[in-house]
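Every number in this text was worked out from the coordinates using simple rules, so none of it is lab data. All figures in this text were calculated on a predicted structure; none of them were measured in a lab. Methodologically, a virtual Cβ is constructed for each residue, glycine included, from the backbone with ideal geometry; neighbour enumeration extends over all protein chains shown.
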Amino acid sequence: MSTRHIVIEVPEEILLAEKTDETAFARELRMLAAVKLYELGRLSSGRAAALAGLSRIEFLLALERYRVSPLEAEVRDLEAQNA
């Protein structure tokens, strides 16, 4: 799979306020983006996991930390089928 690089400018004050470095902050942004896109139904759990740099199982287990249900997409699909 090929990858693309996306550059996001982050003010240094943000890194200082978060008490983190660029690498850790970038990793957290990737995870937050993956979780939100999964939550919105825009990415499957497998693709969100790839964005986060995790295995699918690791990603699904990590969702609890962000208060997102790993079954949310499945519930949405069932609701759509019954509508």
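Right, Tyr66: aromatic (Phe, Trp, Tyr) and touching a Ser or Thr at 6+ places or on another chain (Cβ under 8 Å) or not? Spelling it out, it is not the case that Tyr66 is aromatic (Phe, Trp, Tyr) and touching a Ser or Thr at 6+ places or on another chain (Cβ under 8 Å).
Report the residue count in region 6-19 for those that are part of a helix (DSSP H, G or I) and exposed (fewer than 13 other Cβ atoms within 10 Å of the Cβ). Residues that pass the stated criteria total 6. Residues in region 47-60 that are over 11 Å from the mean Cα position of the chain (by Cα) and farther than 17 Å from Glu28 by Cβ: Ser55, Arg56, Ile57.
Counting residues in region 20-40 that are at positive phi and exposed (fewer than 12 other Cβ atoms within 10 Å of the Cβ) gives zero. Of the numbered criteria (1) surrounded by fewer than 13 Cβ atoms within 10 Å (Cβ to Cβ); (2) assigned to a helix (DSSP H, G or I), the one Thr3 fails is (2). Among residues of region 16-35 that are under 10 Å from Leu51 (Cβ atoms) and touching a residue at least 24 places away in the same chain (Cβ under 8 Å), those with a Cβ under 6 angstrom from a residue that is part of a helix (DSSP H, G or I) and hydrophobic (A, V, I, L, M, F, W, C), sequence gap 6+ or separate chain, pair up as Met31/Ala52; Ala34/Ala48; Ala34/Leu51; Ala34/Ala52.
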